[in-house]
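Undergrad: Just dropping this structure here.
What follows is calculated from the coordinates using simple rules that are stated; it is not laboratory data. Computed from a predicted structure; not experimentally measured. Glycine also receives a Cβ, built like all others from the backbone with ideal geometry; neighbour counts cover every protein chain displayed.
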Amino acid sequence: MSKVGGGDNLRKHCTFSGCKKPDGSLNYYQIGADKSTGGKDWSALAGSVLCAACYMRFKDRGTLERSDKDKKPMPTGVKKCAFSGCEASGENIRFVQIEANSTAGGRDWSALADSLLCQQCYDRYRKHGSLERADGKPLDGSSRRCMFAKCEKPEDSRRFVQIDGESAAGGQDWSGLAGSVLCMACYDRFRKHGTLEKTARKKAPAGPPKKCGYDKCPKPDESPKFIKIYGDSTAGGQDWGKLSGQTLCLTCYMRYKDRGTLERHKALTDAEKKCSYAGCEKPEESRKFIKIDPESKAGGHDWAPIGGKVLCQICYNRFIKRGTLERVHQAALKPPPKSFGGVAKPPSAPPPKAA
């Protein structure tokens, strides 16, 4: 294959008889007998000259014939659809002229050759192989009642449909319902499932029981979420093996995850509500005081050294996050000055400023 050069004016013409613009292309290609571009057999076109559009069509599809997607509908105008049952109306209707050799949608269009169809009827035939509307015409008056004996609302439907026995809507066989009138709910059920009977919905598999398994939980039935425990869980760095198979409410689950125990903090007396950490700035001011369980593993830390002590909420949160009660800025302080004769040596005075 070679491009036809600028000086070869005699050959700048597409030789495909069905080309719409044989002289209106920027590029033309002369086809060689041994060409295999696109994996296609070009031998039948050897020696031909193709415009760029026809060349690309054969390269992509292996044919020079244009598909129905390429064919533009006929321009708008005063025309009439060949289907006698067409309900389309108005001036701005698009029409398509049918070619005998068309295979659009895998249908046989030969019986409609040279007919003029509106876009709606054309699309219906392309999709269903029939110009008849699959759902029939809507009914009025006394006929507006579903004939399915088990219909729950036989007279309550936005639309009723009389069934055509030759219909193939939804790929179903409607012959057994020929002439029947169905409400839209029953019609859609048959179209989708091939039966008018309602199928029982499958129940979702049962989840964990909606009750906390911890016998001391104050609200075992009240929780936004219940969690089934698996023994191999490592949430919070805790050992969940002894709780394997149990279901916990969200509160008890988070307590075990944070502290490694289901036991709740015991209520403290007013005399006990004081932070025992000597460096606490407000030891008696806290919305909550916690007595430390020495076996706690909350935050992945070892609480044994402060077991039994009471902490305010701030000091408790500091330990659970960092594993220490010391504040960050305290650790950065310099050590106190060395004592001199049992008395702390005062800091040296700064040198006097020059006069």
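Undergrad: To make sure I understand the rule: partners must be aspartates and glutamates, Cα under 19 Å from the Cα of Lys79, and not fewer than 8 residues away in the same chain. Which ones qualify?
TA: Straight-distance partners of Lys79: Glu87, Glu91, Glu99, Asp114, Asp123.
Undergrad: Determine the gain in length on full extension of the stretch Ser244-Glu155; use 0.36 nm per residue of separation and subtract their C-alpha separation, reporting nm with one decimal.
TA: 26.5 nm
Undergrad: Considering the convex hull of the alpha carbon atoms of the range 236-276, report its projected area averaged over all viewing directions, in nm², one decimal.
TA: 4.0
Undergrad: Below 13 angstrom from the Cβ of Phe289, what's the summed charge of the other residues (Lys, Arg +1; Asp, Glu -1)?
TA: Surrounding charge for Phe289 is +4.
Undergrad: Within the set of other residues whose C-beta is less than 12 Å from the C-beta of Trp42, count the net charge using Lys and Arg as +1 and Asp and Glu as -1.
TA: +1
Undergrad: While we're looking at this one, here's another question. Run the quick spin-label model on Asn27 and Lys321: label points 7 Å from Cα toward the beta carbon, then report their separation in nm to one decimal.
TA: Output for this residue pair reads 6.6 nm.
Undergrad: Quick one: which of Lys150/Lys211; Lys242/Lys282; Lys210/Lys266; Lys228/Lys282; Lys211/Lys282; Lys211/Lys321 span more than 29 angstrom between C-alpha atoms?
TA: Checking Cα-Cα distances, Lys150/Lys211; Lys242/Lys282; Lys228/Lys282; Lys211/Lys282; Lys211/Lys321 exceed 29 Å.
Undergrad: Given R₀ = 56 Å, what would the calculated FRET efficiency be for Ala44 paired with His193, taking r from the Cβ atoms and rounding to 0.05?
TA: Approximately 0.70, to the nearest 0.05.
Undergrad: Percent of alpha carbon pairs in the range 192-300 separated by more than 19 Å?
TA: 61
Undergrad: Based on the mean of other Cβ atoms within 10 Å per residue, sort peptides 216-227, 157-168 so the most packed one is first.
TA: Listed from highest to lowest mean packing, they are 157-168, 216-227.
Undergrad: Would you list which aspartates and glutamates come within 16 Å of Lys59, measuring only between C-alpha atoms, while excluding same-chain residues fewer than 8 positions from it?
TA: Asp34, Asp41, Asp70
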